[in-house]
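> To start, I am sharing the structure in question, which I have written as structure tokens.
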Amino acid sequence: MTAQRRAKASVKPAGARAAAPDLEALARAAQARAYAPYSKFHVGCALVTRDGAVFTGANVENASYGLCICAERNALMAMALAGHRDLAELVVATDIAPPASPCGMCRQTMLEFSPDPAATRITAIGPGAARVSWTVAELIPAGFTGKQLAPAKRRR
Ligand SMILES: [Zn+2]
């Protein structure tokens, strides 16, 4: 064992687990950074990967409306850019009740990065105790995946 490995082991003893991130608090903090001057609909998102990496996002609007991007996809893009492909859980925060569910584009993006869509939990939080939770499989049943591209490539 190298000195570097020993030092790492002393910081994180075998069997120790990091505390679960407070995704709801992180999503609320991200929501406060949303850029939504047109809709005034502020959305925040926080997610954790299977190996415990945490990413956040907020919606960012544009005067050219088609350029607007959702909080969920901003967080998922940050995750992907950091090299992670394994969404474990995601929380999205808005100020409406019942809490807003993710849009279709975000659902498709969640599916892309969910190795097990039936086990990937998505929770929408609104004001107070308002909560709605789904799995990715529930949000986008029969979704399009890369598995469907493979037969198309073989035909050429
Ligand atoms: Zn969306």
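The values are calculated or read from the model by the stated rules, or taken from the named source; none is laboratory data. Computed from a predicted model, the values in this text were never measured in an experiment. Cβ sites come from the backbone with ideal geometry, for glycine too, and all protein chains shown count toward neighbours.
> Regarding the range 117-130, can at least one residue be identified that is surrounded by 13 or more Cβ atoms within 10 Å (Cβ to Cβ), more than 13 Å from the chain's Cα centre (by Cα) and within 27 Å of Leu149 (Cα to Cα)? Give the derivation first.
First pass over the range 117-130, keeping only residues surrounded by 13 or more Cβ atoms within 10 Å (Cβ to Cβ): 117, 119-126, 130.
Now restrict to residues that are more than 13 Å from the chain's Cα centre (by Cα): 119, 125-126, 130.
After this cut, where a residue has to be within 27 Å of Leu149 (Cα to Cα) as well, the list is 119.
Yes, the range 117-130 contains at least one residue that is surrounded by 13 or more Cβ atoms within 10 Å (Cβ to Cβ), more than 13 Å from the chain's Cα centre (by Cα) and within 27 Å of Leu149 (Cα to Cα).
> Hey, could you check the range 38-48 for residues that are on the phi < 0 side of the Ramachandran plot and part of a loop (DSSP other than H, G, I, E, B) and say which is farthest from the ligand (Cβ to nearest atom)? Even if it seems obvious, please write down each step before you answer.
Within the range 38-48, the first condition is being on the phi < 0 side of the Ramachandran plot, and the residues that meet it are 38-39, 41-48.
Next, from what is left, pick out any that are part of a loop (DSSP other than H, G, I, E, B): 38-39, 41-43.
Working: Tyr38: 16, Ser39: 12, Phe41: 11, His42: 14, Val43: 8 Å.
This residue is Tyr38.
> Okay, moving on. Out of the range 103-133, which residues are of a type in the set (A, V, I, L, M) and modelled with pLDDT under 95? Walk me through it before giving the result.
Step one: filter the range 103-133 for residues of a type in the set (A, V, I, L, M), giving 105, 110-111, 118-119, 122, 124-125, 129-130, 132.
Matches in the range 103-133: Ala129, Ala130.
> Give the range 68-111 a look and list any residue that's in contact (Cβ under 8 Å) with a residue 40 or more places away in the chain and in contact with a helix residue (DSSP H, G or I) (Cβ under 7 Å, 6 or more places away or on another chain), or say none.
Ala71, Leu87, Glu89, Leu90, Val91, Val92, Ala93
> Which of the residues that make up the range 86-129 are more than 11 Å from the ligand (Cβ to nearest atom), among the small types (Gly, Ala, Ser) and within 17 Å of Ile69 (Cα to Cα)?
Within the range 86-129, Ala93 is the sole residue that qualifies.
> I'd like the residue in the range 68-85 that is outside any helix (DSSP H, G or I) and more than 13 Å from the ligand (Cβ to nearest atom) and, out of all such residues, is surrounded by the fewest Cβ atoms within 10 Å (Cβ to Cβ). Quick ask: steps written out before the conclusion?
Just the residues of the range 68-85 that are outside any helix (DSSP H, G or I), to begin with: 68-70, 82-85.
Filter once more, keeping what is more than 13 Å from the ligand (Cβ to nearest atom): 82-85.
Numbers: Ala82: 10, Gly83: 8, His84: 19, Arg85: 12.
Looking at the filtered set, the residue picked out is Gly83.
> Output the number of residues of the range 94-109 satisfying the condition of being more than 15 Å from the chain's Cα centre (by Cα) and surrounded by 14 or more Cβ atoms within 10 Å (Cβ to Cβ).
Going through the range 94-109, the residues more than 15 Å from the chain's Cα centre (by Cα) turn out to be 95-99.
Right, trim to surrounded by 14 or more Cβ atoms within 10 Å (Cβ to Cβ) and you get 95, 97, 99.
Residues in the range 94-109 being more than 15 Å from the chain's Cα centre (by Cα) and surrounded by 14 or more Cβ atoms within 10 Å (Cβ to Cβ): 3 in total.
> Sticking with this one: So, Thr145, is that one modelled with pLDDT under 95 and either under 10 Å from the mean Cα position of the chain (by Cα) or not charged (D, E, K, R) (or both) or not? Give the derivation first.
Numbers: modelled with pLDDT under 95: yes; either under 10 Å from the mean Cα position of the chain (by Cα) or not charged (D, E, K, R) (or both): yes.
When the stated conditions are applied, Thr145 passes them.
> Continuing with this model, one more query. Identify, please: which residue in the range 49-67 is touching a residue at least 24 places away in the same chain (Cβ under 8 Å) and within 14 Å of the ligand (Cβ to nearest atom) and is, among those, nearest to the chain's Cα centre (by Cα)? Lay out the reasoning, then the answer.
So the first thing to find is which residues in the range 49-67 are touching a residue at least 24 places away in the same chain (Cβ under 8 Å), and the list is 49-61, 63, 65.
Okay, now just the ones that are also within 14 Å of the ligand (Cβ to nearest atom), so 57-61, 65.
Working: Gly57: 8, Ala58: 11, Asn59: 13, Val60: 16, Glu61: 19, Tyr65: 23 Å.
Out of the qualifying residues, it is Gly57.
> Could you grab me the full set of residues in the range 133-145 that are away from the ligand (no atom under 15 Å from the Cβ) and touching a residue at least 24 places away in the same chain (Cβ under 8 Å)? First the steps, then the outcome.
Filtering the range 133-145 down to residues away from the ligand (no atom under 15 Å from the Cβ) leaves 133, 135, 137-138, 141-142, 144-145.
Residues satisfying the conditions are Phe144, Thr145.
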